[in-house]
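The values are calculated or read from the model by the stated rules, or taken from the named source; none is laboratory data. Predicted, not measured: the structure shown is a model, and the values here were computed from it. FYI the Cβ positions are ideal-geometry reconstructions off the backbone, even for glycines, and counts take in every protein chain you see.
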Amino acid sequence: MDYKGLVITGTSGSGKSTLARHLTDTTDSFQIVKPVTTRSKRDDDEPDFYEYIDKNAFHELKNDLLVSATYRTDFYGITRKAFQEVIDSKKIPILIIAPSSDVSEENNFLSFFIDLSDEHLDGRLKTRMTNITEEDRLQRKTDRKLSTKFTYSILNVDSTKTANLIKELWGNRNSGGLLPHHIITHMIECGMLLDNVKNFENVKSASYDLTLGDEYYSRGQISTLTSKKPFIRIDPYDYAIVTSAEDANLPSDIAAKFGLTVGLFCQGVILSNGPQVDPGFRGKLFCLLFNTSNAPVILKRGEHHATIEFNKLLEPARPYEGKYQGKKEIINYLPSNTLRGAINELKEELEGVKSESRRINANVLGIVSVFLAILGVLLTLR
């Protein structure tokens with residue numbers, strides 16, 4: 001895709017302007033397209049960042065705006081003239097916009113939604129306002145609902161790391177393939193790909209080692225692993241549905257696949273899951289583990305049980321919008337017929353075969369015993 005530049009948006013206080021300045025200060029290639037706004041100048045505004053105009057002047061620009069938005073009671077926009085001036089200077093334009101912005105030719109921009117935790121945002125906003133109102137918090141929720149419009153959602157905890165990741169993603173904007181170690185690491189650090197990552201040593205050369213989560217389904221019930229009960233036992237020809245400790249948090253241009261560790265496969269365990277984790281999916285990763293061996297298999301809480309790899313698409317896809325989006329409890333993934341599923345029926349049939357085999361063996365032994373007893377009597381009579 002022929003991207004014309006970057007779009008940076010996000011929640012109020014997440015550091016959008018600071019991040020854009022970091023990009024322009026560390027790389028000559030980028031330049032911020034100067035926006036116009038009807039809001040009053042704030043003490044913390046960067047010098048010459050905005051062009052401040054009144055509402056009448058803004059309405060006169062309506063047909064000349066590449067981007068326009070209403071944020072609370074103020075108007076924001078970027079003129080086509082300002083955008084073209086950056087293009088003519090042979091720079092990569094950075095458009096800083098409100099999440100609700102109407103962007104002409106939106107698909108021609110590599111877009112980033114910048115966010116932080118509520119605690120971090122509240123701390124930053126207190127420096128520019130006395131009290132954070134309920135209206136401010138409602139606006140934050142509204143902005144976050146719009147985050148799926150944009151390719152990447154980034155937690156801007158460290159502006160340097162965020163800026164470096166944006167430059168990396170821009171450099172690979174028209175390429176696809178497996179993500180390598182350093183990009184996986186940078187994306188996880190910025191709140192993408194996987195949540196709840198405890199150990200970055202699990203990031204390998206082109207994959208990540210998933211660890212066994214606490215919640216699992218086995219023998220007809222949902223159970224939870226704890227420090228006092230850290231093991232799952234899967235008996236021969238039995239199965240368990242397990243979760244990973246990490247949650248998926250994929251951008252709209254990255255799909256993923258995960259498979260079983262070689263160690264478990266060599267013990268006779270088979271993994272069953274969907275063919276891929278869809279772009280834009282956020283939620284729990286789970287799979288069914290079936291023990292095909294004649295010996296029990298023991299799994300330990302927090303151990304490496306599967307490996308996930310991430311594939312960057314050639315361009316963003318429509319994000320996943322299915323019924324499992326955002327679900328993090330295993331009950332949401334279990335079908336209503338779990339107790340009568342194919343695996344359970346197979347297990348029952350195998351148990352039936354084993355019972356029948358034991359019954360036949362017992363009958364054969366009984367017949368042999370009777371035969372030997374009769375033979376012994378006949379020999380005694382002779």
Review point. Pairs under 7 Å by beta carbon, first residue of a type in the set (Phe, Trp, Tyr) in segment 48-75, partner loosely packed, with under 12 Cβ neighbours inside 10 Å, six or more apart or different chains?
Key: 52/41; 75/55
Review point. Residues of segment 42-56 being more than 17 Å from residue 16 (Cβ to Cβ) and among the basic types (Lys, Arg), which ones?
Key: 55
Study note, to complete from the structure: Expected single match for loosely packed, with under 10 Cβ neighbours inside 10 Å and either among the small types (Gly, Ala, Ser) or over 38 Å from the mean Cα position of the chain (by Cα) (or both) among 68, 40 is 40
**Study point:** Residues of segment 276-321 that turn out to be over 23 Å from residue 176 (Cβ atoms) and either among the charged types (D, E, K, R) or within 17 Å of the chain's Cα centre (by Cα) (or both), as a count
**Key:** 8
Check your understanding: Of the residues in segment 296-328, how many are at pLDDT 95 or above and either of a type in the set (Phe, Trp, Tyr) or not in a strand (DSSP E or B) (or both)?
Key -> 6
Check your understanding: Just checking, how many residues over segment 261-291 are among the aliphatic types (A, V, I, L, M), within 17 Å of residue 208 (Cβ to Cβ) and surrounded by fewer than 19 Cβ atoms within 10 Å (Cβ to Cβ)?
Key -> 2
